[in-house]
Amino acid sequence: MDKYYELSEDTIKDFFDIFNKKAFPVSMKFQFIGDTKQKSVINITKVADKYTFLMGKELLVSVNEDLLNAYDDESITILFEQEIDKININIGTGKIKMIKTDLNTFSALVNKYGVEKVARANKVEELYQEQKEDARTDEEFIA
């Protein structure tokens, strides 16, 4: 069995149904592939600039449809949205980059404290790290 295959039209349609509910300042061109060995349902990656030039596509969307079929519609929507939310576009330059999720934790903590408290705690930690990095940058700039 081949690892990669043509993604079904239904899966591509489902992706765009979810994607089109988001607001992006520019249009993007996608290449879709199926991946039987992929451990996650969906993965979106930025295509390297030289391949974007050759292919005319900016983002590669790979989906494991065997895994996808094991999920209910709501879970699929959540997983697709979660991956789509990683897409970040610099409005000034039009450059696309993929960002990390802003909440990465254990389900037991979410069950114990609730998602809002866990998210707030993680955000405070992230802001602290950013301020520390900014302070280092300022020190390097002054030196």
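The values are calculated or read from the model by the stated rules, or taken from the named source; none is laboratory data. Computed from a prediction, not measured in an experiment: that's the story for all the values here. Cβ atoms come from the backbone with ideal geometry, glycine included; neighbour counts cover every protein chain shown.
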ask   = Out of all the residues in the range 92-108, is one or more in contact (Cβ under 8 Å) with a residue 60 or more places away in the chain and under 29 Å from TYR5 (Cβ atoms)?
value = yes
query = So which residues in the range 104-115 are surrounded by fewer than 12 Cβ atoms within 10 Å (Cβ to Cβ), of a type outside the set (S, T, N, Q) and either farther than 30 Å from VAL61 by Cα or in the same structural domain as GLU81 (by TED's automatic domain parsing) (or both)?
reply = ALA108, LYS112, GLY114
key: Positions within the range 82-98 being of a type in the set (Ser, Thr, Tyr) and either part of a strand (DSSP E or B) or crowded, with 16+ Cβ neighbours inside 10 Å (or both), in sequence order   = none
query = Any idea which of LEU67, LEU79, LEU109 is in contact with a strand residue (DSSP E or B) (Cβ under 7 Å, 6 or more places away or on another chain) and assigned to a helix (DSSP H, G or I)?
reply = LEU79
message = Could you check the range 32-54 and list, in sequence order, the residues that are among the polar types (S, T, N, Q) and either surrounded by 17 or more Cβ atoms within 10 Å (Cβ to Cβ) or within 19 Å of LEU79 (Cβ to Cβ) (or both)?
response = THR36, GLN38, SER40, ASN43, THR45
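Starting from residues that are part of a loop (DSSP other than H, G, I, E, B) and among the polar types (S, T, N, Q), keep the ones in the range 1-49 and report whichever is nearest to the chain's Cα centre (by Cα).
Our first condition is that a residue be part of a loop (DSSP other than H, G, I, E, B); within the range 1-49, this holds for 1-3, 6-8, 20-29, 36-41, 47-48.
Next cut, among the polar types (S, T, N, Q) only: 8, 20, 27, 36, 38, 40.
Details: SER8: 21, ASN20: 15, SER27: 16, THR36: 19, GLN38: 15, SER40: 12 Å.
Filtering the range 1-49 for residues that are part of a loop (DSSP other than H, G, I, E, B) and among the polar types (S, T, N, Q), the one nearest to the chain's Cα centre (by Cα) comes out as SER40.
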query = Is it the case that ASN122 is of a type outside the set (A, V, I, L, M, F, W, C), assigned to a helix (DSSP H, G or I), modelled with pLDDT of 85 or more and farther than 30 Å from THR11 by Cβ?
reply = no
